[in-house]
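Below is one structure, written out as structure tokens, with a few remarks after it.
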Amino acid sequence: MADFRRIGVLTSGGDAPGMNAVIRAVTRTALAKNIEVVGIVGGYSGLIEEKLIPLVSHSVSNIITKGGTFLYSNRCLEFKTEEGIEKAIATCQKYNIDAIVAIGGDGTFRGATELAVRGIPTIGITGTIDNDITASDYTIGFDTAMNTVIDVVDRIRDTCESHARCNVIEVMGRDCGDLTLQAGIATGAIAICIPEVPFDEQLAIDKIKSSLVKGKRGMVVLVSEGVYKIDENGKKIRYGEVLANHIQQETGVETKFARLAHIVRGGSPTLRDRLTATRMGAKAVELLLEGKSNLVVVEKDDVIDSEDIVYALTLDQMYKGRLKDGDLDRFTPEQIAKMEASCKERKDKITALYELSYNVCN
Ligand code: F6P
């Protein structure tokens, strides 16, 4: 068992409901093993600027119910520089922080690796509403965000029904369509548009027209924020607003547009997020005690497990089609084959769900 006196915990990148529940689980699991805990305030900037608070058991009382992150978060540019990383390492040395648990998305894990390779054992935990960490079936915050989307879309649908309107609703998720697709199915969206699957606009418009003929009044269409069109000036524009205009022009139905944006990121975490956060937080401390580092805690087939961070980040790049020359050099052919299989599995899953949505949402 590795010997730690004090560990640090931070949240970085976009906040997600359930991050507080992770901080609580990390703190209490560590305290139970007689390890001190410090909260690093404001993500990696807090490490650079020495913004640290001691966490005792009552520091994390009642935070499991709260959205956001009580340690605050940001996307720290300074930590991307060698100077910033050195300052962060100096803080760890000065305050005897023996290891760090970093909660966030892929940017957070890149930061965690920088610390790990410089000798600070680090474990990442997936906290993002996007569910876009390919190595994990689930990221903390996704369920809460999805339920928020459902709640808001249901409300919009009520008014669409009253006024015989259509509403195109843009949903967060960066390049990942999981939030849009799953919430779209759950709200009976007549059309769903996500980055991972080609969208046939004409087919969607025909579907709307034929539903109108059958007497349908209110309709909602869900579009991921990650779907873009290029306008006449060569500028990248989000597709949701464009689609709303096209639907109105082509069908004659009054069509409104709504961007849910950050509404989706707040709120009290659901059971699933509180529980997963608790399990993942405890797992991170256990991994550190086993002497492990540079891992990200993941959920695979309902089991809380871990994956090498660099492997997980590379797998993500592969899934998103962003691999650069040399990215795969450090991996064995078996590992590369495993990555390819994971990408295929994920792609097949989302495609199958999309096809299902097409038949059941009318
Ligand atoms: O990664 C979470 C997320 O909310 C994405 O869905 C979205 O694209 C992005 O963060 C928005 O970032 P910011 O809060 O910095 O505007």
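Key figures for this structure:
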item	result
Matching strands (runs of 3 or more DSSP E) fully within region 253-358 where at least 1 residues are in contact with a Lys or Arg (Cβ under 7 Å, 6 or more places away or on another chain) and closer than 30 Å to Lys207 by Cα	255-259
Conditions (1) more than 28 Å from Ala337 (Cα to Cα); (2) basic (Lys, Arg); (3) at pLDDT below 95; number of the one not met by Arg279	(3)
Given (1) crowded, with 22+ Cβ neighbours inside 10 Å; (2) of a type outside the set (Lys, Arg); (3) over 16 Å from the mean Cα position of the chain (by Cα); (4) in the same structural domain as Asp15 (by TED's automatic domain parsing), index of the condition Leu275 fails	(1)
Residue in region 219-236 that is crowded, with 16+ Cβ neighbours inside 10 Å, more than 16 Å from the ligand (Cβ to nearest atom) and not aliphatic (A, V, I, L, M) present	no
Residue list for region 107-128, restricted to those being crowded, with 23+ Cβ neighbours inside 10 Å and either outside the structural domain of Gly84 (by TED's automatic domain parsing) or within 16 Å of the ligand (Cβ to nearest atom) (or both)	Thr108, Phe109, Gly111, Gly124, Ile125, Thr126, Gly127, Thr128
Pick from region 113-140, criterion in contact with a helix residue (DSSP H, G or I) (Cβ under 6 Å, 6 or more places away or on another chain) and of a type in the set (Gly, Ala, Ser), ranking: nearest to Gly188 (Cα to Cα)	Gly127
Of all residues making up region 164-188, the number that are more than 19 Å from Arg265 (Cβ to Cβ) and either touching a Lys or Arg at 6+ places or on another chain (Cβ under 9 Å) or free of Cβ contacts under 8 Å to residues at least 24 places away in the same chain (or both)	6
Restricting region 214-254 to residues that are of a type in the set (S, T, N, Q) and in contact with a helix residue (DSSP H, G or I) (Cβ under 7 Å, 6 or more places away or on another chain), the residue that is farthest from Arg155 (Cα to Cα)	Thr251
Members of region 29-64 that are under 24 Å from the mean Cα position of the chain (by Cα) and either loosely packed, with under 15 Cβ neighbours inside 10 Å or at pLDDT below 95 (or both)	Asn62
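Residues are listed down the side, and each one gets a yes or a no for (1) surrounded by fewer than 20 Cβ atoms within 10 Å (Cβ to Cβ); (2) among the small types (Gly, Ala, Ser); (3) part of a loop (DSSP other than H, G, I, E, B):
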site: Asp130; (1), (2), (3): no, no, yes
site: Met146; (1), (2), (3): no, no, no
site: Asp151; (1), (2), (3): yes, no, no
site: Asp158; (1), (2), (3): yes, no, no
site: Ile169; (1), (2), (3): no, no, no
site: Cys176; (1), (2), (3): no, no, yes
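The values are calculated or read from the model by the stated rules, or taken from the named source; none is laboratory data. Everything numeric here is computed off the predicted structure, so don't read it as measured data. Reconstructed Cβ throughout: ideal geometry from the backbone, glycine too, with neighbour counts over all protein chains shown.
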